[in-house]
Structure formats: structure tokens, C-alpha cells
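Take a look at the structure below.
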Amino acid sequence: MIEATIQLCTYNRAALLERVLEACFDQTVDGDAYEVVLVDDGSSDQTASVIERARGRATCAFVVVAQANAGLARARNAGIARSSGERIIFIDDDVLPLPNFVREHVSGSVRHPHAIVRGGAIEVENPDELPPPIWSIKNYSGNYFWTTNVSLPLATIRSIGGFDETFSEYGWEDIEVGLRLRAAGVPAVFHPRALVFHVKPPPTQGSVAKMVAQARAQARTAVQLVRRHPGWRAYLATGINPVQRGFHATLRALDAQARLSRRLSGLAGERRLTAAEVRAARALANEAYFDELDRALRR
């Protein structure tokens, strides 16, 4: 068994995927010490061409799984099934690992071989303008299991049955895995030297509708999460608690969502949002989330 698998899934992100795969192949460990397992979840852009070019540049074993679009949980499980590394490292298709990434995940697990190793992520807007790779607390995520940058023994993720494929929409599928791993007694350690750059382009006029739709999908999967794990961690993480729901119910009574929608109406195209527009768009998505929460909870 090789030491590690980098596992990622992709959907219609061809432009960035090429850079991500290059970073995955540009590792300081020997090529026979790790592999990259990519699942293409039914992309309809130029992803297939990117993958074919990547095959010729791969410096390690490169396994590709192509499937019809079925959602991230099912895609992750397809990747797990094809993985062979002793430790599986999950990243997303908007993540650029540093060259020492695999080495650090493996070394981070030496003292805690059965543990989850959570790496650090530095958010950037442009993959061509990367800052010095210095992690700071402002980039910290307290999630127990966050697939932007996390690893654990392959046998462990298989032993709990992988990802829950009923999570077919956006959001919470990795948090759900983390709750099961925590319940199973799997410890987690944070290793900030296992670093990635997480590419988060600035919102544009045309992305507001997508932000709102994604928030509503995340609300529906939040309800799935708390019904699957009815404990305080899930209720607090999802906002399904009296304090947060009550606050946003008050905002709905004051017509906040409609006022934000009117403020942002007519935006389209690729112009970058102003700082004020970004705040309004995020507030609109947040109100859409809590509105959809209440709808989903009544079903």
C-alpha cells in the first residue's frame, strides 16, 4: 500500500482544475509514495481535455473516475473506492496544495496514526497572485472534518461507510462524516504546516443568484443533518436553534429579504461587486438560508 492518496472531485471547473492538478503532481515526496484520485462528477465544460493533458504530466499514479452528475457525497465514495493509499487526503477542486503537502500530512500523522489530520488553508482571490505561504489564525476553521484539507486512514473512512449519499445537494456532507467520526472516537489534530491555498474569487454581479440558490440548498441539507444527528453540535452549526431562528424570523417580519432583493435587483454580468454590494449579497443569501430552513423544517 502506498503512503497517501490525494482525493478530489470536480464539476465544471476546468480553468482552475489544471492548476490544482499541477500542484498535486508537484510534491516533494517520491512519485511512488502517493497517488491522485480524481472523480469527474459529470462535468460539461472542458474538464475532459484538462484531464487528458494532466495524464501526460502526472508524476505519480493518476486515477480518474468519470460518472454522471450525482452530487459530491456519491463522487467522494467513488473516489474512496478507487483509492489505495494508507492515508487518504481530501481536497476540493479549488485548492492548490503546497509542494510539501503530502509530506506534511504523512508526518503530521506519525504521532497520531489513527487520527484525522486537519491542515491549514489560506484564502486567495487569484491563483496567479499567491501570497507568502504563511498561515495565520484568521484562516482557521474549527470544523472537525473539512474536505478542503483533511486526511485520515483510508481504512477508517471505509469502516464508517464513507459519505452519506442522501446528501445530494450542496452542503454539510463532510460535517456529517465528521460527526460520525467523532462519535466513533476518532481523534483529530490540527497541523497548520499541511498548507493549501483556497481559491475564492470575488463575487460578481452575476454570482448573486447562485449565492442565494446555494444558500437555499444548504438549508435543506442542514435539516437533513440535524435529523440524522439531533445533537447540540448540529443545531449550533446549522443555525437550527431558537436564538438564530428567532432573530431571522424578526428580520423576515421586517421584510429584510425583500429589501435586500430590491437593492440588488438588475445586477448581471461579470463586474466585481463593490464592498457594499458584497455585504448586501451575503446578507441576502443568509436570509434566504433561514427562510428555506423554516420551509424545510415544516415538511
**Study point:** Qualifying positions in the range 94-136 - farther than 30 Å from Gly185 by Cβ and small (Gly, Ala, Ser)
**Key:** Ser136
Check your understanding: What residue, among those in the range 177-200 that are within 25 Å of Ala234 (Cα to Cα) and among the small types (Gly, Ala, Ser), is nearest to the chain's Cα centre (by Cα)?
Key -> Gly178
**Study point:** Which numbered condition Thr166 fails, given (1) part of a loop (DSSP other than H, G, I, E, B); (2) among the β-branched types (Val, Ile, Thr); (3) crowded, with 18+ Cβ neighbours inside 10 Å
**Key:** (3)
Revision key, fill the gap. Quick count over the range 31-74, residues being under 14 Å from Ile6 (Cα atoms) and either within 22 Å of the chain's Cα centre (by Cα) or of a type in the set (D, E, K, R) (or both), is 11
Review point. So Arg279 clears everything in (1) in contact (Cβ under 8 Å) with a residue 24 or more places away in the chain; (2) part of a helix (DSSP H, G or I) except one condition, right? Which one?
Key: (1)
Review point. Which one is farthest from Arg279 (Cα to Cα), of the residues in the range 223-263 that are part of a helix (DSSP H, G or I) and among the small types (Gly, Ala, Ser)?
Key: Ala234
Exercise for review: Please indicate, with yes or no, whether at least one residue in the range 196-211 is of a type in the set (Ser, Thr, Tyr) and at pLDDT below 95.
Suggested key: yes
Review point. If you go through the range 1-21, how many residues are among the small types (Gly, Ala, Ser) and outside any helix (DSSP H, G or I)?
Key: 1
Revision key, fill the gap. Within the range 103-114, residues being at pLDDT 95 or above and touching a Gly at 6+ places or on another chain (Cβ under 9 Å) number 2
Check your understanding: Has the range 40-47 got any residue that is without any contact (Cβ under 8 Å) to a residue 60 or more places away in the chain, surrounded by 14 or more Cβ atoms within 10 Å (Cβ to Cβ) and of a type in the set (Gly, Ala, Ser)?
Key -> yes
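The values are calculated or read from the model by the stated rules, or taken from the named source; none is laboratory data. Quantities reported herein were computed from a predicted structural model and do not represent experimental measurements. Don't worry about glycine lacking a Cβ; one is built from the backbone with ideal geometry, like all the others, and counts go over all protein chains shown.
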